[in-house]
1. Given labels modelled 7 Å from the Cα in the Cβ direction, how far is it in nm from Gln44 to Ile176?
2. For a footprinting-style exposure proxy, rank Tyr122, Tyr70, Tyr178 by other Cβ within 10 Å, fewest first.
3. Quickly work out the Asn36-to-Leu150 label distance, labels modelled 7 Å from Cα along the C-beta direction, and quote it in nm with one decimal.
4. For Val161 and Glu52, FRET efficiency with R0 = 35 Å and r from the beta-carbon atoms, rounded to 0.05?
5. Please arrange Leu46, Leu149, Leu40 by how many other C-beta atoms lie within 10 Å of their C-beta, fewest to most.
6. Return Arg99, Arg116 ranked ascending by Cβ neighbour count within 10 Å, so the fewest neighbours appear first.
Amino acid sequence: MKRLTAGLLLAAAMLTAAPAAAQFASGRGPIDITANELELIDSQHLAIWRGEVEALQGQDRMRSDVLNIYFAGKPADAASKTAPASGAAPGRDWGKVQRVVAEGNVFFISPNQTARGDHGVYEQGSNTTTITGDVVIVQGKSVVHGNKLLIDMTTNHATMVADPHAPGTHGRVRGIFYPNDSTTTDAATQPAPPNRRP
């Protein structure tokens, strides 16, 4: 179970991926993000990646329909030194990443595990990630189902819960484990999850 929890933490860390902001797999090089569209809203310090968003770093991959990255504003004195001139590109007075929201068909795929959900939020202040919706974690043949995955990145503590009112869960977290299955340690040979986009 410890190995499964470690994989969940990697899935959560992936949500912090942002241009020049963070790494989701330590020491594995740059993060390459692609999407059909990128919108920068300077007044909100917001970068919105839309349409078949995919972020790659090393052997790890994250997919979602939309990825919203909220940045803090720089302190007033620092912002005044870099105040954008008329027509300047947005982002000059943006600070560090504060919040990352992945929406729709959220997948994290690593060599050992696949995590799926409908919605994911990373909060820099509390260093926590919440993944909600139809949450499924797969390692080899072992699977855990629930409706909400709460991860404290500081303590490495992960909790899966089920919504008693959600269809198909009966208010229970369900896990099916195959402790002697060799594929649980070599999930890299497993096919990638189907793309659920229409």
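1. 4.1 nm
2. Ordered by Cβ neighbours within 10 Å, fewest first: Tyr178, Tyr70, Tyr122.
3. Those two pseudo-labels are separated by 3.6 nm.
4. 0.75
5. Least crowded to most crowded, the residues run Leu40, Leu46, Leu149.
6. Arg99, Arg116
Computed from the coordinates by the stated procedures, all read-outs in this text should not be read as laboratory data. Model, not experiment: these values are computed from the prediction. Counting neighbours? That spans all protein chains shown, and the Cβs are built from the backbone with ideal geometry, glycine included.
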